[in-house]
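Reading through the structure tokens given below for one structure.
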Amino acid sequence: MDDAPSTPPPAGRTVAQVAKLAGITVRTLHHYDQIGLLAPSARSDAAYRLYSEADVTRLREILTWRRLDVPLAQIAQLLDDPAIDRDEVLRRQRSLVARRIDELRGLEAAIDRALDHTAETGATMDTDQDIIDALGGFDPADHDAEARERWGDTDAFRESTRRTKEYTADDWRRSKVEAESIHEALAALWQAGADPAGDEALAQAEAFRAHVTRWFYDCPPELLRGLGEMYVADPRFTATYDGPHGERAGFAAWVRDAWAARADQG
């Protein structure tokens with residue numbers, strides 16, 4: 001009896017298979033293909049996209065960088081540089097991941113302390129250290145002297161001081177969560193190449209203006225414009241958006257343009 005003909009190995013994985021494997025959407029893979037970041041290496045007889053093992057490896061690298069908040073354009077440069085040292089890339093990724101883990105562990109410890117205290121006393125923690133923990137380690141007092149020198153005579157500073165001196169740790173936490181939500185939405189728009197004067201960016205600019213007004217001081221559109229200019233004029237503010245090592249270079253300028261576009265609306 002003749003041996004049955006062997007079935008040829010598959011040329012690769014389909015879009016749906018890769019999306020399921022990576023835990024992302026088919027739409028995301030299509031977008032990566034459209035911008036030239038990850039093009040499938042082959043096509044099936046029915047013209048379906050097929051991803052090779054090398055394609056899947058590239059996708060893993062892309063998703064690792066994305067989880068570290070690196071913009072897609074910068075990821076493409078990293079992956080397409082012929083002189084790139086893959087081992088060095090992995091070491092950089094590991095270093096960034098380790099730093100993120102340390103930050104999250106610190107936040108986890110702060111939450112655990114708050115939970116333990118609440119369980120023991122039935123009361124929330126409102127000490128200065130609790131507020132610092134709620135802000136992820138940022139201490140407003142570290143910048144108080146400079147803030148007073150630069151803006152102490154302004155109505156905004158006086159109003160912010162009046163409000164925040166009454167805030168509990170929970171107030172700070174809620175403010176921080178709200179601000180981070182807006183920041184993440186802005187980052188997603190910037191990374192997608194959205195127009196800073198487009199409707200989506202303007203909506204987030206308005207959300208931020210409302211956030212400042214709700215938590216700190218009245219923020220009319222022209223004051224919002226001034227805040228945007230400060231983001232690119234002061235390196236410390238720039239680093240909040242562009243990243244401490246410039247890994248999101250251009251984000252601060254994009255936010256400034258969005259704030260200016262919102263201010264232009266009046």
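The values are calculated or read from the model by the stated rules, or taken from the named source; none is laboratory data. Since this is a predicted model, take the numbers as computed values, not measurements. Neighbour counts run over all protein chains shown; Cβ positions are idealised from the backbone, glycine included.
Would you call Ala197 within 30 Å of Leu29 (Cα to Cα), in contact (Cβ under 8 Å) with a residue 24 or more places away in the chain and surrounded by fewer than 18 Cβ atoms within 10 Å (Cβ to Cβ)?
Values: within 30 Å of Leu29 (Cα to Cα): yes; in contact (Cβ under 8 Å) with a residue 24 or more places away in the chain: yes; surrounded by fewer than 18 Cβ atoms within 10 Å (Cβ to Cβ): yes.
So Ala197 passes the test.
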Go through (1) outside any helix (DSSP H, G or I); (2) at pLDDT 50 or above and name the single condition Gly136 misses.
(2)
Determine which single condition Arg248 fails, assuming it passes every other condition in (1) part of a loop (DSSP other than H, G, I, E, B); (2) more than 22 Å from Leu96 (Cα to Cα).
(2)
Scan the range 249-256 and give yes if some residue there is under 22 Å from Trp65 (Cα atoms) and touching a Ser or Thr at 6+ places or on another chain (Cβ under 7 Å), otherwise no.
yes
Could you tell me whether Val56 is farther than 21 Å from Ala188 by Cβ, in contact with an Asp or Glu (Cβ under 9 Å, 6 or more places away or on another chain) and crowded, with 16+ Cβ neighbours inside 10 Å?
no
Can you confirm whether Arg256 is in a helix (DSSP H, G or I) and crowded, with 18+ Cβ neighbours inside 10 Å?
yes
Whether any residue in the range 243-259 is at pLDDT 85 or above and β-branched (Val, Ile, Thr) is what I want to check.
yes
Test Asp234 against the stated conditions and say whether it is touching a residue at least 60 places away in the same chain (Cβ under 8 Å), farther than 16 Å from Val70 by Cα and surrounded by fewer than 17 Cβ atoms within 10 Å (Cβ to Cβ).
no
